[in-house]
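Throughout, read-outs are computed from the coordinates displayed, never taken from laboratory work. These numbers were taken from a predicted model, which means no experiment stands behind them. A quick note on method: Cβ atoms are made from the backbone with ideal geometry, for glycine too, and the neighbour counts reach across all protein chains shown.
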Amino acid sequence: MDLWSSSVKNLDVHYSSGVGNHFYYLLAEGSGSKTINGVSYSSPTYSGTTVTGIGRDKAAAIWYRALTVYFTSSTSYSAARAATLKAATDLYGSTSTEYKAVAAAWTGVNVS
């Protein structure tokens, strides 16, 4: 599953991880169609909005900070959204392009 729905919470973590994976892809690479290393990808969003990626390095920095500072063993997708927004604020500021991209990427996978 690439988008959050109420049925995701009942799935094994390995089946429900697609939501987080899609969030990260949107954050790093953005939405829409593109070719990366000769492979074509199409990454639509739940809301139909466009997400502009911030690049792999910045996405990794935000995700790492959230994982090491804010996540716990019981972090839900909603809490992950809050944690990654805090991490983006820590690293780039709450009015930054990076912060806005984190919010947009979570919205893109239907996590508010």
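Between S47 and T68, what's the calculated FRET efficiency when r is the beta-carbon distance and R0 is 30 Å? Round to 0.05.
0.55
What are the ³J(HN,Hα) couplings of the stretch 39-44, residue after residue, when phi is run through the Karplus curve with 6.51, -1.76, 1.60 and θ = phi - 60°? Round to Hz, x for glycine and proline.
Result, ordered by residue: 10, 7, 10, 9, 10, x Hz.
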